[in-house]
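Here is the structure we will look at.
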Amino acid sequence: MLEKLAKQTAVYGISTILGRFLSYLLTPIYTYIFGKAEYGIVTDIYALIPFALVVLNLGMESGYFRFAGKAEAAGGDVAAAKRRLFATTWGITSLAAVLFFVVITLLRMPVARVMGPVYEQNPLYIVIVAAIVMFDVSCCIPFSRLREEGRAMRFVALKLFNIVLQVVLALAFYAAGLFDTPFGVGWVIVANLTASIATWIAVLAATEPVFPRIDPKVLAAIFVYSLPLLISGIAGTANELIDRQLIKYLVPEDSMAELGVYGAIAKIAVVMTLFTQMYRFAAEPFFLSNFRKEDFLEMNAAAMKYYVIVSMGIFIGIGLFKDLFALIVGPDFRQGIYILPLILGANVLAGIWLNLSFWYKREERTSLALWVTFSGLAAAIAAGTLLIPRYGYYGAAWGRLISEAVMVAVSLALNRLLYPTPYDLRGIALYMLLGTAIYFFGAVTVPQYLHGVWMYASYAVLLAMFGALAVWREKIDVRGLMLSLRKTVLRR
């Protein structure tokens, strides 16, 4: 069964990496075209959009997966039950999205004043972003349906379509000189909106036609399950964007420029974010299915360890080669490259507490998510308020790392107390400590003796040593795994 999770992760992962690589090409373009303050606007907008998406999704994605699994376990007319579930969850989220767009459009000037002078001068930015959110929210449940049905290739094809269209439009706008017009960075979000509308049309065409009709009984049952996830999701997403907002409001001078540098460096850590995202795409429907408790415990424990192994490998690889990755962004942004290991470490921890969340989602004890996310948000606000006014984006990076560490600690404590899972904590700690030690040895000691190609060759050797140790210690059949993944991808 764990092999199935690995295969699904690979299917989502290959396409997600390809798509993000294409969108990744926009980072050097934007950071070479726009100044730090202008790119700070892009960073600010794309920190706020995920927050709006979480609020308007109303926790329905996890609820959809869980109740789809319960419909299969209940038997009877499973297809009809799932259609009713889909119609209800899609209907309520789409309704929330439309209301959001109408309210934000009507109140665009007050919202712009709160967000800052740049938005007061360009209130159309607010309207375009609200429209992006509306179409993206309306796509979420149809995308979840594709995942629940195991239609991974259809899912990733549509995601790729969205990203490719954004990239093509952005390049076209750049070639046409539109980024140099007074509307400037507004063309970035125009490209996004166009892609979101096209994707909305495509995803509706790709799913079984079901009218979005809200069943009050179904909705009430899902809300009982999803409301704690919604609240915790809001807190969790606020935790992810609070560092950007604290930079904007707490840095004494040139706050948008500081925000631009921070956002550009965070983009370099995209590979780690990608891995966590593709793992979530596969793991969420996988672990929320109806397994026996013993099977769930065994698979969740194993998945956690392998997640840590891969994520620490990514940490070492990007961290050691950070000088090369810095070339992706414009020269004015490279001054912040030293915060990259902190952001990478925070992303590793984010994936760990994602693994630690599956048990209470499966057991429908979703109120426990509130303890985790609110503790992380409190830590982020406290650390950011203390560090950002003095250290700027360096303090923001530390605040993010501290927040993720607190959420891991709280999640692990709840697991040990309420649902003990046989995680190989000794092995997990070994890989995390070893990976951190290898990074510091390579980053601090190697440059004192080696330079140029020899330095980078030694970094590659260190990374290979970490991978070889994991393969040897865990007795991983690399050849067999690769052949199995190859067959899965080709078959799909």
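The values are calculated or read from the model by the stated rules, or taken from the named source; none is laboratory data. Here the structure is a predicted model, which means the values were calculated and not measured. All Cβ positions, glycine included, derive from the backbone under ideal geometry; neighbour counts span all protein chains shown. Accessible surface areas use protein heavy atoms only, side chains included; no ligands, DNA or RNA. Shrake-Rupley method; radii C 1.70, N 1.55, O 1.52, S 1.80 Å.
Here are the criteria: (1) open to solvent by 70 Å² or more (accessible area, probe 1.4 Å); (2) over 20 Å from the mean Cα position of the chain (by Cα); (3) modelled with pLDDT under 85. Tell me which single one Lys82 does not satisfy.
The failed condition is (1).
Specify which of the listed residues (Arg426, Arg416, Arg400, Arg390) is open to solvent by 20 Å² or more (accessible area, probe 1.4 Å) and touching an Asp or Glu at 6+ places or on another chain (Cβ under 7 Å). Give the steps one after another, and end with the answer.
Numbers: Arg426 fails: touching an Asp or Glu at 6+ places or on another chain (Cβ under 7 Å); Arg416 fails: touching an Asp or Glu at 6+ places or on another chain (Cβ under 7 Å); Arg390 fails: touching an Asp or Glu at 6+ places or on another chain (Cβ under 7 Å).
When all the criteria are applied, what remains is Arg400.
Which one of these is modelled with pLDDT under 95, of a type in the set (A, V, I, L, M) and within 25 Å of the chain's Cα centre (by Cα): Leu414, Leu418?
Just a single option satisfies the conditions, and that option is Leu414.
Kindly indicate whether any position in region 257-265 is touching a helix residue (DSSP H, G or I) at 6+ places or on another chain (Cβ under 7 Å), more than 24 Å from Met115 (Cα to Cα) and touching a residue at least 60 places away in the same chain (Cβ under 8 Å).
No, every residue in region 257-265 fails to be touching a helix residue (DSSP H, G or I) at 6+ places or on another chain (Cβ under 7 Å), more than 24 Å from Met115 (Cα to Cα) and touching a residue at least 60 places away in the same chain (Cβ under 8 Å).
Being assigned to a helix (DSSP H, G or I), modelled with pLDDT under 90, within 22 Å of the chain's Cα centre (by Cα) and basic (Lys, Arg): is that true of Arg145 here? Steps first, please.
On the way: assigned to a helix (DSSP H, G or I): yes; modelled with pLDDT under 90: yes; within 22 Å of the chain's Cα centre (by Cα): yes; basic (Lys, Arg): yes.
Yes: the conditions hold for Arg145.
Given (1) of a type outside the set (Gly, Ala, Ser); (2) in contact with a Leu (Cβ under 6 Å, 6 or more places away or on another chain); (3) farther than 24 Å from Leu434 by Cα, identify the lone condition not met by Lys322.
(3)
Can you report the number of residues in region 209-226 which are more than 17 Å from Pro142 (Cα to Cα), without any contact (Cβ under 8 Å) to a residue 40 or more places away in the chain and either in a loop (DSSP other than H, G, I, E, B) or of a type in the set (Gly, Ala, Ser) (or both)?
Matching residues across region 209-226 total 1.
Being in a helix (DSSP H, G or I), within 20 Å of Lys82 (Cβ to Cβ) and at pLDDT below 90, is that true of even one residue in region 160-173?
No, region 160-173 contains no residue that is in a helix (DSSP H, G or I), within 20 Å of Lys82 (Cβ to Cβ) and at pLDDT below 90.
Would you check if Glu253 is surrounded by fewer than 23 Cβ atoms within 10 Å (Cβ to Cβ), more than 20 Å from the chain's Cα centre (by Cα), modelled with pLDDT under 80 and in a helix (DSSP H, G or I)? Even if it seems obvious, please write down each step before you answer.
Details: surrounded by fewer than 23 Cβ atoms within 10 Å (Cβ to Cβ): yes; more than 20 Å from the chain's Cα centre (by Cα): yes; modelled with pLDDT under 80: yes; in a helix (DSSP H, G or I): no.
No: the conditions fail for Glu253.
Please go through region 353-386 and pick out each residue that is touching a residue at least 60 places away in the same chain (Cβ under 8 Å), part of a loop (DSSP other than H, G, I, E, B) and open to solvent by 30 Å² or more (accessible area, probe 1.4 Å).
Hits for region 353-386 are Glu364, Ser367.
Could you list all residues from region 227-254 that are over 17 Å from Ala379 (Cα atoms), among the charged types (D, E, K, R) and in contact with a helix residue (DSSP H, G or I) (Cβ under 6 Å, 6 or more places away or on another chain)?
Lys248
Quick test of your reading of the structure: Arg334 fulfils all but one of (1) open to solvent by 10 Å² or more (accessible area, probe 1.4 Å); (2) under 28 Å from Lys36 (Cα atoms); (3) within 20 Å of the chain's Cα centre (by Cα). Name the failing condition by number.
For Arg334, the failing item is (3).
Evaluate region 197-207: report whether one residue or more is open to solvent by 10 Å² or more (accessible area, probe 1.4 Å), part of a loop (DSSP other than H, G, I, E, B) and in contact with a Phe, Trp or Tyr (Cβ under 8 Å, 6 or more places away or on another chain).
no
Take Thr194 and decide whether it is open to solvent by less than 20 Å² (accessible area, probe 1.4 Å), in contact (Cβ under 8 Å) with a residue 12 or more places away in the chain and either assigned to a helix (DSSP H, G or I) or of a type in the set (S, T, N, Q) (or both).
Answer is no for this residue.
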